[in-house]
Amino acid sequence: MVLFNSNDPESVELARYYASKRSISSAQVIGFDLPMGEEITREVFNRQIADPLRNQLIEKGWWLVRQLPDGTTRVFDTRIRFLALMRGFPLKISSDSSIELPPPMEGIPPAVSGRNDASVDSELAAMGLPDFVPGGLIPNPYFGRFTPILEESVSPGLLLPSRLDAPTAAMVRKMIDDSIATEKEGLWGWAYVDGRDITKGAYIEGDHWMRKLVEILRQSGIPTIFDNLPETFQETFPITDAAVYFGWYTGDINGPFLRENFRFRPGAVAVHLHSFSASSLRSSENHWCGPLIARGAAATLGNVYEPYLPFTANLDVFQDRLLAGVTLAEAGWMSQRAISWMGVVIGDPLYKPYQAWNQFSDPRGRQENPFRRFRSITRSSRSNILLAMLQIHEVTMETGDSMFLEALGNAQMDADHLPPALDSFRDALKMAKDPDVQARLKLEIAFVSRRISPEEFKEEPPEEIPPAETFSEEVEAKEKDFDLSPPKPTPTPPWDGLQNLPFPDL
């Protein structure tokens with residue numbers, strides 16, 4: 001179903017545009033009488049979205065329901081799984097203290113069970129499930145699954161919303177067009193993963209996802225650059241041919257993405273983990289989801305309010321399922337531990353960025369694609385690019401493309417094969433023609449050189465300046481306590497029942 005705001009002319013036009021591009025029947029394009037803002041109340045959600053949608057699904061036979069002895073109804077079969085929410089459809093539901101909350105699930109702390117704010121999308125995902133209530137979260141029965149959503153074994157009341165939304169209507173049209181075009185040949189390009197080098201503490205799970213992502217991407221044959229420094233990618237670090245990006249953790253888009261000429265490859269998947277990454281989708285500069293789409297990404301994930309780290313999307317699961325060939329909506333909700341919560345999936349719900357990778361195509365007549373060739377070499381080397389050094393050097397000499405050696409060098413560097421990595425980067429620099437690629441290779445050479453010979457690059461300590469006599473110990477103590485680091489994601493408050501929750505802990 002395609003859902004739009006009938007009071008927003010752009011929402012109406014976008015719904016028609018998307019339905020025509022995906023050949024969706026006009027009977028499945030439904031308008032709702034809604035306010036124009038991104039945030040609505042629980043009362044508006046119930047009266048103007050949930051109730052009318054439930055009635056449509058039942059009246060048109062898309063949900064088959066039966067009445068239980070207690071008078072409630074339960075969905076036992078479904079004809080509709082995907083929901084496309086068009087720009088103009090409300091994004092989030094504000095907290096309402098007047099609603100009586102249900103008893104909390106065992107082991108769930110009040111910081112989670114005592115809330116009823118949520119994303120509109122996540123509430124729609126859950127509203128057909130038997131245990132749906134407007135408070136706390138619901139364990140997602142689809143989390144971690146490999147099963148296509150159209151199979152009968154999946155909970156019949158579960159819906160998979162995905163939002164075609166962006167700072168402008170033109171950007172939404174581009175998302176739709178890029179997604180459909182990319183499906184024909186597949187999503188090709190570099191992957192960039194930005195970790196934080198966290199090895200212990202409350203935030204280690206986020207970095208675990210990043211490290212696992214690097215492993216998944218490289219094994220799939222995608223050239224990958226992994227920044228494992230505490231800071232995000234610096235503005236001076238050039239990002240080129242970006243098809244995939246995952247990173248964390250700052251509140252607003254930053255670094256090389258702020259360069260005036262930066263653009264993702266068409267169809268790109270780009271996600272930045274932050275508690276409020278989708279707080280609004282109307283800005284090209286604030287938060288992350290809107291700005292990533294504004295810079296050419298076709299798909300992203302986000303959160304509208306504080307979700308707590310374990311209940312954000314498991315990014316490694318998300319990318320793994322996309323590579324397996326499922327749709328964006330399926331991969332997005334397979335990666336969410338909880339629904340009736342804060343997450344949103346943004347992009348064409350039917351988008352399959354790697355569909356072409358899993359289909360046979362006649363190699364004759366295909367355009368030369370160095371990224372396809374890199375994948376072929378990786379896959380023929382037991383999915384380990386470190387075993388393909390000879391082939392990488394041969395194809396580099398044949399094509400003159402520095403990408404092959406730079407990708408090899410990054411894999412060598414992350415495996416602590418530092419002298420070979422330095423050689424790969426230096427050889428790649430000799431071949432590189434793009435000034436941005438040259439600049440990046442020089443940074444990579446300097447980084448590896450420092451790791452090999454840290455004494456050669458050791459900076460002399462600045463001359464010590466004695467403190468002024470008027471500088472009091474009290475002020476000095478306050479200065480030491482002042483934290484200039486970026487805000488961190490809120491970890492889930494500790495509680496004893498975490499390991500007993502009814503969903504797996506990755």
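The values are calculated or read from the model by the stated rules, or taken from the named source; none is laboratory data. It should be emphasised that the depicted structure is a prediction, and the values quoted were computed from it without experimental measurement. For neighbour counting, all protein chains shown are included, and Cβ atoms are generated from backbone atoms with ideal geometry for every residue, glycine included.
Cβ-Cβ under 8 Å, sequence separation 6+ or interchain: first residue in the range 7-28 and assigned by TED's automatic domain parsing to the domain that holds Phe82 and in contact (Cβ under 8 Å) with a residue 60 or more places away in the chain, partner among the aromatic types (Phe, Trp, Tyr) and surrounded by fewer than 16 Cβ atoms within 10 Å (Cβ to Cβ). Which pairs?
That search, which allows pairs on different chains as well, returns nothing.
If I ask for residues that are among the hydrophobic types (A, V, I, L, M, F, W, C), touching a Leu at 6+ places or on another chain (Cβ under 8 Å) and not in a helix (DSSP H, G or I), which ones from the range 34-51 would you list?
Across the range 34-51, the qualifying residue is only Ile40.
Being closer than 17 Å to Asn410 by Cα and either touching a residue at least 40 places away in the same chain (Cβ under 8 Å) or crowded, with 16+ Cβ neighbours inside 10 Å (or both) is the requirement here; does Ile239 meet it?
yes
Look at Gly302 and say whether it is part of a strand (DSSP E or B), buried (at least 24 other Cβ atoms within 10 Å of the Cβ) and touching a Ser or Thr at 6+ places or on another chain (Cβ under 7 Å).
yes
For Gly409, are the conditions met, namely being touching a Pro at 6+ places or on another chain (Cβ under 9 Å) and either touching a residue at least 40 places away in the same chain (Cβ under 8 Å) or not assigned by TED's automatic domain parsing to the domain that holds Ile216 (or both)?
Considered against the rule, which asks whether it is touching a Pro at 6+ places or on another chain (Cβ under 9 Å) and either touching a residue at least 40 places away in the same chain (Cβ under 8 Å) or not assigned by TED's automatic domain parsing to the domain that holds Ile216 (or both), Gly409 comes out as yes.
What are the residues in the range 60-110 that are under 26 Å from Val345 (Cα atoms), hydroxyl-bearing (Ser, Thr, Tyr) and not in a loop (DSSP other than H, G, I, E, B), if any?
Thr78
Cβ contacts < 9 Å: first residue more than 17 Å from Ala299 (Cα to Cα), restricted to the range 327-342; second residue buried (at least 24 other Cβ atoms within 10 Å of the Cβ) and among the β-branched types (Val, Ile, Thr), any location; separation 6+ or different chain. Result?
Arg337/Thr312; Met342/Val304; Met342/Thr312
Would you mind finding the one in Gly107, Gly71, Gly136, Gly88 that is on the phi > 0 side of the Ramachandran plot, under 24 Å from the mean Cα position of the chain (by Cα) and at pLDDT below 90?
Gly136
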